[in-house]
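Below: the structure, in C-alpha coordinates.
The values are calculated or read from the model by the stated rules, or taken from the named source; none is laboratory data. Being a predicted model, the structure only gives us computed values, none of them experimental. Note that we place each Cβ from the backbone using ideal geometry, even for glycine, and neighbour counts take in every protein chain shown.
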Amino acid sequence: MQTEASPALRHAVDQLSGASIEAPGLIRVPLPTPTLPPATTTNHWIVGHRRAVLVDPATPHPAARDRLCGLLAALNRLGTPIGGLLLTHHHDDHVGAALDLRRRLDLPVLAHPATAERLRGRIPVDIEVHDGQVVAEDADGTTWTALHTPGHAPGHLVLAHSRSGVVVAGDLVAGEGTILIDPRDGRMADYLASLTRVAALKPTLLAPAHGPVLTDAVGVLAHYRRHRLQREARIAAALPANWTAPDALLPAAYGDVSRLLWPIALRSLLAHLEHLREQGRATEQAGRWRAAAGPDEAADPHEFDA
Ligand SMILES: [Zn+2]
(Lines give C-alpha, C1' and ligand atoms only; values in the text may rest on other atoms or scores of the structure.)
Protein backbone atom coordinates (compact mmCIF):
# COMPACT_ATOMS: atom_id res chain seq x y z
CA MET A 1 0.00 0.00 0.00
CA GLN A 2 0.93 3.60 -0.51
CA THR A 3 2.67 5.20 2.43
CA GLU A 4 1.48 8.44 3.97
CA ALA A 5 3.09 11.70 2.88
CA SER A 6 6.27 12.38 4.86
CA PRO A 7 6.36 15.29 7.35
CA ALA A 8 8.99 16.96 5.13
CA LEU A 9 6.65 16.76 2.13
CA ARG A 10 3.74 18.13 4.16
CA HIS A 11 5.92 20.97 5.34
CA ALA A 12 7.04 21.83 1.79
CA VAL A 13 3.45 21.88 0.54
CA ASP A 14 2.29 23.97 3.52
CA GLN A 15 4.80 26.66 2.53
CA LEU A 16 2.69 27.50 -0.52
CA SER A 17 -0.55 29.09 0.61
CA GLY A 18 -3.57 27.26 -0.84
CA ALA A 19 -1.60 24.14 -1.82
CA SER A 20 -2.72 20.78 -0.41
CA ILE A 21 -1.99 17.05 -0.59
CA GLU A 22 -5.26 15.52 -1.81
CA ALA A 23 -4.20 11.87 -2.17
CA PRO A 24 -0.91 9.93 -2.26
CA GLY A 25 1.04 11.29 -5.23
CA LEU A 26 -1.41 14.13 -5.78
CA ILE A 27 -0.74 17.74 -4.79
CA ARG A 28 -3.15 20.57 -5.63
CA VAL A 29 -1.74 24.03 -6.26
CA PRO A 30 -4.55 26.46 -7.21
CA LEU A 31 -3.07 29.59 -8.81
CA PRO A 32 -4.83 32.60 -10.37
CA THR A 33 -5.66 32.43 -14.09
CA PRO A 34 -7.97 34.29 -16.49
CA THR A 35 -10.53 31.48 -16.60
CA LEU A 36 -14.30 31.27 -17.02
CA PRO A 37 -16.12 32.94 -14.07
CA PRO A 38 -17.00 32.16 -11.33
CA ALA A 39 -13.71 30.20 -11.23
CA THR A 40 -10.63 32.41 -10.73
CA THR A 41 -7.88 29.79 -10.47
CA THR A 42 -6.55 26.74 -12.27
CA ASN A 43 -5.32 23.81 -10.23
CA HIS A 44 -1.70 23.07 -11.05
CA TRP A 45 -1.71 19.37 -10.13
CA ILE A 46 1.56 17.66 -9.23
CA VAL A 47 0.88 14.03 -10.11
CA GLY A 48 3.13 11.11 -9.13
CA HIS A 49 5.87 10.65 -6.58
CA ARG A 50 8.85 8.68 -7.90
CA ARG A 51 8.27 10.18 -11.36
CA ALA A 52 5.96 13.18 -11.43
CA VAL A 53 4.42 15.58 -13.92
CA LEU A 54 3.09 19.07 -13.41
CA VAL A 55 -0.38 19.24 -14.97
CA ASP A 56 -1.65 22.45 -16.63
CA PRO A 57 1.04 25.09 -15.93
CA ALA A 58 -1.22 28.07 -16.51
CA THR A 59 -0.79 31.08 -14.25
CA PRO A 60 0.28 34.27 -16.03
CA HIS A 61 1.42 35.87 -12.76
CA PRO A 62 5.22 35.94 -12.24
CA ALA A 63 4.95 35.82 -8.42
CA ALA A 64 2.68 32.77 -8.54
CA ARG A 65 5.08 31.08 -10.97
CA ASP A 66 7.96 31.78 -8.58
CA ARG A 67 6.07 30.20 -5.67
CA LEU A 68 5.27 27.16 -7.81
CA CYS A 69 8.91 26.78 -8.89
CA GLY A 70 9.92 27.00 -5.22
CA LEU A 71 7.64 24.08 -4.38
CA LEU A 72 8.89 22.05 -7.36
CA ALA A 73 12.49 22.59 -6.23
CA ALA A 74 11.60 21.46 -2.69
CA LEU A 75 9.87 18.34 -4.05
CA ASN A 76 12.91 17.57 -6.15
CA ARG A 77 15.10 17.67 -3.02
CA LEU A 78 12.61 15.31 -1.32
CA GLY A 79 12.87 12.70 -4.09
CA THR A 80 9.98 13.77 -6.31
CA PRO A 81 11.55 15.06 -9.53
CA ILE A 82 9.19 16.66 -12.04
CA GLY A 83 9.75 15.00 -15.40
CA GLY A 84 7.51 17.15 -17.56
CA LEU A 85 4.72 19.64 -18.01
CA LEU A 86 1.53 17.85 -19.06
CA LEU A 87 -1.26 19.81 -20.73
CA THR A 88 -4.80 18.38 -20.39
CA HIS A 89 -5.80 20.51 -23.40
CA HIS A 90 -4.85 23.65 -25.32
CA HIS A 91 -6.98 26.37 -23.67
CA ASP A 92 -5.17 29.45 -22.36
CA ASP A 93 -6.19 28.87 -18.74
CA HIS A 94 -4.33 25.50 -18.92
CA VAL A 95 -1.17 26.38 -20.84
CA GLY A 96 -0.36 30.02 -19.99
CA ALA A 97 2.87 29.24 -18.11
CA ALA A 98 4.02 26.28 -20.23
CA LEU A 99 6.48 28.15 -22.43
CA ASP A 100 8.07 30.03 -19.52
CA LEU A 101 8.37 26.94 -17.25
CA ARG A 102 9.66 24.79 -20.12
CA ARG A 103 12.53 27.23 -20.57
CA ARG A 104 13.08 27.96 -16.91
CA LEU A 105 12.99 24.37 -15.60
CA ASP A 106 14.29 22.73 -18.80
CA LEU A 107 11.31 20.37 -18.87
CA PRO A 108 9.54 18.80 -21.85
CA VAL A 109 5.93 19.69 -22.62
CA LEU A 110 3.65 16.64 -22.91
CA ALA A 111 0.26 16.70 -24.65
CA HIS A 112 -2.02 14.80 -26.99
CA PRO A 113 -1.25 15.24 -30.72
CA ALA A 114 -4.54 17.13 -31.20
CA THR A 115 -3.42 19.60 -28.52
CA ALA A 116 0.01 19.90 -30.15
CA GLU A 117 -1.76 20.73 -33.40
CA ARG A 118 -3.78 23.53 -31.77
CA LEU A 119 -0.69 24.96 -30.06
CA ARG A 120 1.53 24.88 -33.16
CA GLY A 121 3.55 28.08 -33.47
CA ARG A 122 2.80 29.06 -29.85
CA ILE A 123 3.99 26.27 -27.54
CA PRO A 124 6.14 23.37 -28.73
CA VAL A 125 4.95 19.95 -27.55
CA ASP A 126 8.07 17.85 -26.99
CA ILE A 127 6.41 14.52 -26.20
CA GLU A 128 3.10 13.46 -27.69
CA VAL A 129 0.93 11.52 -25.25
CA HIS A 130 -1.48 8.92 -26.56
CA ASP A 131 -4.43 7.15 -24.98
CA GLY A 132 -3.23 4.51 -22.51
CA GLN A 133 0.26 5.95 -22.01
CA VAL A 134 1.75 5.90 -18.49
CA VAL A 135 2.93 9.42 -17.59
CA ALA A 136 3.79 9.25 -13.87
CA GLU A 137 4.65 6.76 -11.14
CA ASP A 138 4.06 6.70 -7.40
CA ALA A 139 6.42 5.61 -4.62
CA ASP A 140 4.93 2.09 -4.53
CA GLY A 141 5.27 1.54 -8.29
CA THR A 142 1.60 2.24 -9.08
CA THR A 143 1.11 4.43 -12.14
CA TRP A 144 -0.92 7.24 -13.70
CA THR A 145 -2.21 6.62 -17.21
CA ALA A 146 -3.38 9.25 -19.70
CA LEU A 147 -6.80 8.66 -21.24
CA HIS A 148 -7.92 10.54 -24.34
CA THR A 149 -11.26 12.09 -23.39
CA PRO A 150 -12.27 14.54 -26.16
CA GLY A 151 -15.43 16.65 -26.07
CA HIS A 152 -14.47 19.86 -24.30
CA ALA A 153 -11.38 20.01 -26.53
CA PRO A 154 -10.18 17.59 -29.21
CA GLY A 155 -6.96 16.58 -27.42
CA HIS A 156 -8.35 16.48 -23.89
CA LEU A 157 -6.59 14.06 -21.50
CA VAL A 158 -7.39 12.85 -18.00
CA LEU A 159 -4.95 10.90 -15.81
CA ALA A 160 -6.22 7.78 -14.06
CA HIS A 161 -4.40 6.10 -11.17
CA SER A 162 -3.82 2.37 -11.63
CA ARG A 163 -5.15 1.40 -8.21
CA SER A 164 -6.74 4.15 -6.12
CA GLY A 165 -9.52 5.22 -8.48
CA VAL A 166 -8.29 8.84 -8.45
CA VAL A 167 -8.74 10.64 -11.79
CA VAL A 168 -7.12 13.99 -12.59
CA ALA A 169 -10.01 15.27 -14.66
CA GLY A 170 -8.90 18.47 -16.44
CA ASP A 171 -12.01 20.16 -17.82
CA LEU A 172 -14.11 16.99 -18.01
CA VAL A 173 -15.88 18.21 -14.85
CA ALA A 174 -15.48 21.26 -12.60
CA GLY A 175 -15.39 21.63 -8.83
CA GLU A 176 -16.45 25.22 -9.37
CA GLY A 177 -18.40 26.74 -12.27
CA THR A 178 -19.36 24.71 -15.32
CA ILE A 179 -17.76 23.05 -18.35
CA LEU A 180 -18.44 24.75 -21.65
CA ILE A 181 -18.77 22.64 -24.79
CA ASP A 182 -18.16 25.14 -27.58
CA PRO A 183 -18.49 23.70 -31.10
CA ARG A 184 -15.46 25.76 -32.20
CA ASP A 185 -13.35 23.36 -30.10
CA GLY A 186 -15.63 20.72 -28.73
CA ARG A 187 -18.17 18.10 -29.71
CA MET A 188 -21.10 17.07 -27.53
CA ALA A 189 -21.18 13.44 -28.71
CA ASP A 190 -17.51 13.06 -27.77
CA TYR A 191 -18.06 14.77 -24.42
CA LEU A 192 -20.94 12.46 -23.46
CA ALA A 193 -18.85 9.44 -24.51
CA SER A 194 -15.90 10.67 -22.41
CA LEU A 195 -18.15 11.09 -19.35
CA THR A 196 -19.39 7.52 -19.85
CA ARG A 197 -15.88 6.16 -20.34
CA VAL A 198 -14.51 7.70 -17.15
CA ALA A 199 -17.64 6.69 -15.17
CA ALA A 200 -17.01 3.08 -16.26
CA LEU A 201 -13.67 3.21 -14.39
CA LYS A 202 -15.72 3.66 -11.18
CA PRO A 203 -13.48 6.50 -9.99
CA THR A 204 -13.32 7.29 -6.29
CA LEU A 205 -12.12 10.89 -6.58
CA LEU A 206 -12.12 13.47 -9.38
CA ALA A 207 -9.42 16.13 -9.31
CA PRO A 208 -10.70 18.87 -11.65
CA ALA A 209 -8.78 21.79 -13.16
CA HIS A 210 -11.01 24.30 -11.39
CA GLY A 211 -12.27 24.13 -7.80
CA PRO A 212 -11.96 21.49 -5.09
CA VAL A 213 -11.82 17.70 -5.54
CA LEU A 214 -15.12 15.86 -6.07
CA THR A 215 -15.54 12.82 -3.83
CA ASP A 216 -18.86 11.54 -5.23
CA ALA A 217 -17.06 10.84 -8.50
CA VAL A 218 -19.50 8.40 -10.10
CA GLY A 219 -22.47 10.52 -8.99
CA VAL A 220 -20.94 13.69 -10.42
CA LEU A 221 -20.26 12.08 -13.80
CA ALA A 222 -23.81 10.71 -13.97
CA HIS A 223 -25.18 14.13 -13.01
CA TYR A 224 -23.18 15.88 -15.76
CA ARG A 225 -24.43 13.44 -18.36
CA ARG A 226 -28.05 13.67 -17.20
CA HIS A 227 -27.89 17.46 -17.09
CA ARG A 228 -26.62 17.68 -20.68
CA LEU A 229 -29.25 15.28 -21.98
CA GLN A 230 -32.02 17.18 -20.17
CA ARG A 231 -30.82 20.44 -21.71
CA GLU A 232 -30.69 18.81 -25.12
CA ALA A 233 -34.25 17.51 -24.72
CA ARG A 234 -35.42 21.07 -24.00
CA ILE A 235 -33.63 22.36 -27.11
CA ALA A 236 -35.12 19.58 -29.24
CA ALA A 237 -38.59 20.38 -27.89
CA ALA A 238 -38.12 24.11 -28.61
CA LEU A 239 -36.88 23.57 -32.16
CA PRO A 240 -39.64 24.69 -34.58
CA ALA A 241 -40.62 23.27 -37.96
CA ASN A 242 -39.61 26.57 -39.61
CA TRP A 243 -36.05 27.89 -39.91
CA THR A 244 -34.96 29.83 -36.85
CA ALA A 245 -31.82 31.56 -35.56
CA PRO A 246 -30.23 29.65 -32.67
CA ASP A 247 -30.42 32.60 -30.26
CA ALA A 248 -34.21 32.59 -30.62
CA LEU A 249 -34.11 29.24 -28.77
CA LEU A 250 -32.33 30.68 -25.72
CA PRO A 251 -35.44 31.73 -23.73
CA ALA A 252 -36.97 28.25 -24.01
CA ALA A 253 -33.73 26.30 -23.54
CA TYR A 254 -31.84 28.48 -21.05
CA GLY A 255 -34.63 30.48 -19.39
CA ASP A 256 -33.33 29.26 -16.00
CA VAL A 257 -29.87 30.76 -16.67
CA SER A 258 -28.99 34.44 -16.10
CA ARG A 259 -29.19 36.49 -19.30
CA LEU A 260 -25.64 37.64 -18.63
CA LEU A 261 -24.53 34.09 -19.38
CA TRP A 262 -26.56 33.74 -22.58
CA PRO A 263 -23.60 34.52 -24.89
CA ILE A 264 -21.84 31.51 -23.33
CA ALA A 265 -25.07 29.48 -23.27
CA LEU A 266 -25.39 30.12 -27.02
CA ARG A 267 -22.08 28.30 -27.62
CA SER A 268 -23.38 25.32 -25.66
CA LEU A 269 -26.73 25.48 -27.47
CA LEU A 270 -24.90 25.27 -30.81
CA ALA A 271 -23.00 22.19 -29.59
CA HIS A 272 -26.34 20.57 -28.72
CA LEU A 273 -27.80 21.50 -32.11
CA GLU A 274 -24.81 19.86 -33.82
CA HIS A 275 -25.42 16.77 -31.71
CA LEU A 276 -29.12 16.79 -32.65
CA ARG A 277 -28.14 17.07 -36.30
CA GLU A 278 -25.77 14.09 -35.96
CA GLN A 279 -28.72 12.14 -34.58
CA GLY A 280 -30.94 13.19 -37.50
CA ARG A 281 -33.16 15.28 -35.23
CA ALA A 282 -32.23 18.79 -36.48
CA THR A 283 -31.39 20.39 -39.83
CA GLU A 284 -29.28 23.46 -40.51
CA GLN A 285 -29.13 25.84 -43.47
CA ALA A 286 -26.94 28.98 -43.53
CA GLY A 287 -26.80 29.14 -39.74
CA ARG A 288 -30.55 28.66 -39.25
CA TRP A 289 -32.03 25.56 -37.73
CA ARG A 290 -35.28 23.60 -37.66
CA ALA A 291 -36.49 20.25 -36.46
CA ALA A 292 -35.87 17.42 -38.90
CA ALA A 293 -39.31 16.73 -40.39
CA GLY A 294 -39.28 12.99 -39.85
CA PRO A 295 -37.22 9.85 -40.10
CA ASP A 296 -37.48 9.82 -43.92
CA GLU A 297 -36.12 13.31 -44.29
CA ALA A 298 -33.50 12.77 -41.62
CA ALA A 299 -32.29 9.70 -43.49
CA ASP A 300 -31.96 11.67 -46.76
CA PRO A 301 -28.23 12.32 -47.22
CA HIS A 302 -28.97 15.47 -49.28
CA GLU A 303 -30.47 17.02 -46.19
CA PHE A 304 -27.04 16.88 -44.55
CA ASP A 305 -25.36 18.44 -47.57
CA ALA A 306 -27.71 21.44 -47.40
ZN1 LIG B 1 -10.83 24.37 -21.20
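Within the stretch 163-173, none of the residues are at pLDDT 95 or above and more than 20 Å from residue 22 (Cα to Cα). For the stretch 89-118, the candidate set comprises residues that are in a loop (DSSP other than H, G, I, E, B) and away from the ligand (no atom under 14 Å from the Cβ); within that set, the residue that is farthest from residue 172 (Cα to Cα) is 106. Listed here are the helices (runs of 4 or more DSSP H) enclosed by the stretch 179-292 that have at least 1 residues being assigned by TED's automatic domain parsing to the domain that holds residue 47 and touching a Cys at 6+ places or on another chain (Cβ under 9 Å), and there are none.
I'd like to know if the stretch 119-134 contains one or more residues that are in contact (Cβ under 8 Å) with a residue 24 or more places away in the chain, part of a helix (DSSP H, G or I), of a type outside the set (Phe, Trp, Tyr) and within 28 Å of residue 187 (Cα to Cα). Yes; the residues of the stretch 119-134 include at least one that is in contact (Cβ under 8 Å) with a residue 24 or more places away in the chain, part of a helix (DSSP H, G or I), of a type outside the set (Phe, Trp, Tyr) and within 28 Å of residue 187 (Cα to Cα).
The set of residues in the stretch 58-88 that are more than 16 Å from the ligand (Cβ to nearest atom), without any contact (Cβ under 8 Å) to a residue 40 or more places away in the chain and assigned to a loop (DSSP other than H, G, I, E, B) comprises 61, 79, 81. Look at (1) within 16 Å of the ligand (Cβ to nearest atom); (2) within 16 Å of residue 84 (Cα to Cα) and you find that residue 124 fails only one, number (1). Taking into account only those residues within the stretch 197-233 that are over 28 Å from residue 35 (Cα atoms) and free of Cβ contacts under 8 Å to residues at least 24 places away in the same chain, which is nearest to the chain's Cα centre (by Cα)? Top of the filtered list is 200. If the condition is being within 24 Å of residue 13 (Cβ to Cβ), of a type in the set (S, T, N, Q) and either under 17 Å from the mean Cα position of the chain (by Cα) or surrounded by fewer than 19 Cβ atoms within 10 Å (Cβ to Cβ) (or both), then the stretch 74-132 contributes 76, 88. Restricting attention to the stretch 29-38, does a residue exist that is over 30 Å from residue 265 (Cα atoms) and either buried (at least 18 other Cβ atoms within 10 Å of the Cβ) or not charged (D, E, K, R) (or both)? Looking for residues that are over 30 Å from residue 265 (Cα atoms) and either buried (at least 18 other Cβ atoms within 10 Å of the Cβ) or not charged (D, E, K, R) (or both), one finds none in the stretch 29-38, hence no. Check the stretch 45-54 and report whether any residue there is within 16 Å of the ligand (Cβ to nearest atom) and in contact with a helix residue (DSSP H, G or I) (Cβ under 6 Å, 6 or more places away or on another chain). Within the stretch 45-54, not a single residue is within 16 Å of the ligand (Cβ to nearest atom) and in contact with a helix residue (DSSP H, G or I) (Cβ under 6 Å, 6 or more places away or on another chain). Taking the listed residues 140, 106, 131, 126, the one that is among the charged types (D, E, K, R) and at positive phi is 106, with no other qualifying. Within the stretch 142-151, not a single residue is among the β-branched types (Val, Ile, Thr), within 15 Å of the ligand (Cβ to nearest atom), in a loop (DSSP other than H, G, I, E, B) and touching a residue at least 60 places away in the same chain (Cβ under 8 Å). Of the residues contained in the stretch 158-165, none is found to be more than 22 Å from residue 51 (Cβ to Cβ), away from the ligand (no atom under 16 Å from the Cβ) and surrounded by 18 or more Cβ atoms within 10 Å (Cβ to Cβ).
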